[in-house]
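The values are calculated or read from the model by the stated rules, or taken from the named source; none is laboratory data. If you're wondering where the values come from, they're calculated on a predicted model, not measured in any experiment. Glycine also receives a Cβ, built like all others from the backbone with ideal geometry; neighbour counts cover every protein chain displayed. Note: accessible area is taken over every heavy atom of the protein model, side chains too, but ligands, DNA and RNA are not part of it. Shrake-Rupley method; radii C 1.70, N 1.55, O 1.52, S 1.80 Å.
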Amino acid sequence: MTTLELVKQVASDFTQSGEKMLSTDELNALIDSASSKEEVDFYSQLYNYLLARKQQRVIQNGQY
């Protein structure tokens, strides 16, 4: 599987899942298992992106 295919698969999995968010426990597990700072940064950026999307949906729906 190429990098492009892998990224597309991950994006598809997240957009198709009902959860569409990582829990802090899941994020911490990913960070603990990371083998480099770049990997930690990637997980953190992914979490921040998902959190921002969730915040946008909450605000749009007036659930704040």
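Does LEU4 satisfy being free of Cβ contacts under 8 Å to residues at least 40 places away in the same chain, part of a helix (DSSP H, G or I) and in contact with a Phe, Trp or Tyr (Cβ under 6 Å, 6 or more places away or on another chain)?
Considered against the rule, which asks whether it is free of Cβ contacts under 8 Å to residues at least 40 places away in the same chain, part of a helix (DSSP H, G or I) and in contact with a Phe, Trp or Tyr (Cβ under 6 Å, 6 or more places away or on another chain), LEU4 comes out as no.
Please name all residue pairs, on different chains or six or more residues apart, with Cβ atoms under 7 Å, provided the first residue is in region 35-64 and is without any contact (Cβ under 8 Å) to a residue 12 or more places away in the chain and the second residue is of a type in the set (Ser, Thr, Tyr).
VAL58/TYR64
Go through region 9-42 and give me each residue that's open to solvent by less than 90 Å² (accessible area, probe 1.4 Å) and in a loop (DSSP other than H, G, I, E, B).
Within region 9-42, SER17, GLY18, LYS20, MET21, LEU22, SER23, ALA34, SER36 meet the criteria.
Tell me whether region 25-44 contains one or more residues that are in contact with a helix residue (DSSP H, G or I) (Cβ under 7 Å, 6 or more places away or on another chain), at pLDDT below 95 and of a type in the set (D, E, K, R).
Looking for residues that are in contact with a helix residue (DSSP H, G or I) (Cβ under 7 Å, 6 or more places away or on another chain), at pLDDT below 95 and of a type in the set (D, E, K, R), one finds none in region 25-44, hence no.
With respect to GLN60, determine if the residue is at pLDDT 85 or above and surrounded by 10 or more Cβ atoms within 10 Å (Cβ to Cβ).
No, not satisfied.
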